[in-house]
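Q: After the C-alpha cells below, expect a handful of questions from me.
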Amino acid sequence: MNDAESSKTERNERDSRFCSMPKEALEELAVSAIHEHRRLLAADEAVYEEWTRASGDPSVSSDVLANLQDEYVARQKKSEAQQEELSQIIDALGYIPDVPLDDAN
C-alpha cells in the first residue's frame with residue numbers, strides 16, 4: 001500500500017469513528033475541539049510574537065532564535081493536526097455549533 005492509499009484508509013477510519021457517534025456527543029466533542037483550537041492559536045501567536053521580537057533584538061543569540069523558530073514550527077504542525085480533526089468532527093456533525101468566546105479572550 002502506498003502513502004496515499006494508507007492516508008486515505010486512515011482518514012476513512014477516523015471519519016467513520018466520528019460518523020458513528022450520536023449527534024449530542026459529536027456536538028460536545030466539536031465544542032471542546034473548538035476551544036482547544038482557540039487555545040492553540042493563542043499560544044502559537046504568543047510564540048510567534050516572541051520569535052518576531054527576538055529576531056529584531058541583536059542581543060538575542062542565534063541559538064535562542066533557532067529554538068523559538070523550531071518551537072513555532074512544531075506548534076504549527078500540532079495545530080494543523082488538531083484543525084484536521086476538528087474539520088472531520090464538524091463534517092460528521094454537519095454544522096458548526098455556536099461556541100461563545102472564552103472569558104480570557
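The values are calculated or read from the model by the stated rules, or taken from the named source; none is laboratory data. Since the model is a prediction, treat every value here as computed from it, not as a measurement. Reconstructed Cβ throughout: ideal geometry from the backbone, glycine too, with neighbour counts over all protein chains shown. Just the protein is used for accessible areas: all its heavy atoms, side chains included, with ligands, DNA and RNA removed. Shrake-Rupley method; radii C 1.70, N 1.55, O 1.52, S 1.80 Å.
Q: Considering the range 31-52 alone, what residues qualify as being open to solvent by less than 60 Å² (accessible area, probe 1.4 Å) and among the small types (G, A, S)?
A: Hits for the range 31-52 are A33, A42, A43, A46.
Q: In addition: Considering the range 84-96 alone, what residues qualify as being out of contact with any Phe, Trp or Tyr (no Cβ under 6 Å at 6 or more places or on another chain) and surrounded by 14 or more Cβ atoms within 10 Å (Cβ to Cβ)? Spell out how you get there, then give the answer.
A: Going through the range 84-96, the residues out of contact with any Phe, Trp or Tyr (no Cβ under 6 Å at 6 or more places or on another chain) turn out to be 84-87, 90-91, 93-96.
Hits for the range 84-96 are E85, L86, I90, L93.
Q: In the range 1-37, how many residues are more than 16 Å from S87 (Cα to Cα), of a type in the set (A, V, I, L, M) and modelled with pLDDT of 85 or more?
A: Matching residues across the range 1-37 total 0.
Q: Within the range 35-73, how many residues turn out to be of a type in the set (V, I, T), in a helix (DSSP H, G or I) and free of Cβ contacts under 8 Å to residues at least 24 places away in the same chain? Steps first, answer last, please.
A: In the first step, residues of the range 35-73 are kept if they are of a type in the set (V, I, T); the result is 47, 52, 60, 64, 73.
Among the residues that remain, those that are also in a helix (DSSP H, G or I) are: 47, 52, 64, 73.
Adding the requirement that they be free of Cβ contacts under 8 Å to residues at least 24 places away in the same chain leaves 52, 64, 73.
Number of matching residues: 3.
Q: If you don't mind, another one. When residues of the range 53-63 are filtered for being within 22 Å of L41 (Cα to Cα) and open to solvent by less than 90 Å² (accessible area, probe 1.4 Å), how many remain? Walk me through how you get there before you give the answer.
A: Step one: filter the range 53-63 for residues within 22 Å of L41 (Cα to Cα), giving 53-55.
Next cut, open to solvent by less than 90 Å² (accessible area, probe 1.4 Å) only: 54-55.
Qualifying residue count, the range 53-63: 2.
Q: List pairs: first residue in the range 20-34 and assigned to a helix (DSSP H, G or I), second residue surrounded by fewer than 17 Cβ atoms within 10 Å (Cβ to Cβ) anywhere in the structure, Cβ distance under 6 angstrom, at least six positions apart or on different chains.
A: E27/P97; A30/P97; V31/P97; V31/V99; I34/V99
Q: For the range 75-105, which positions are touching a Lys or Arg at 6+ places or on another chain (Cβ under 8 Å) and assigned to a helix (DSSP H, G or I)?
A: E85, Q88, L93
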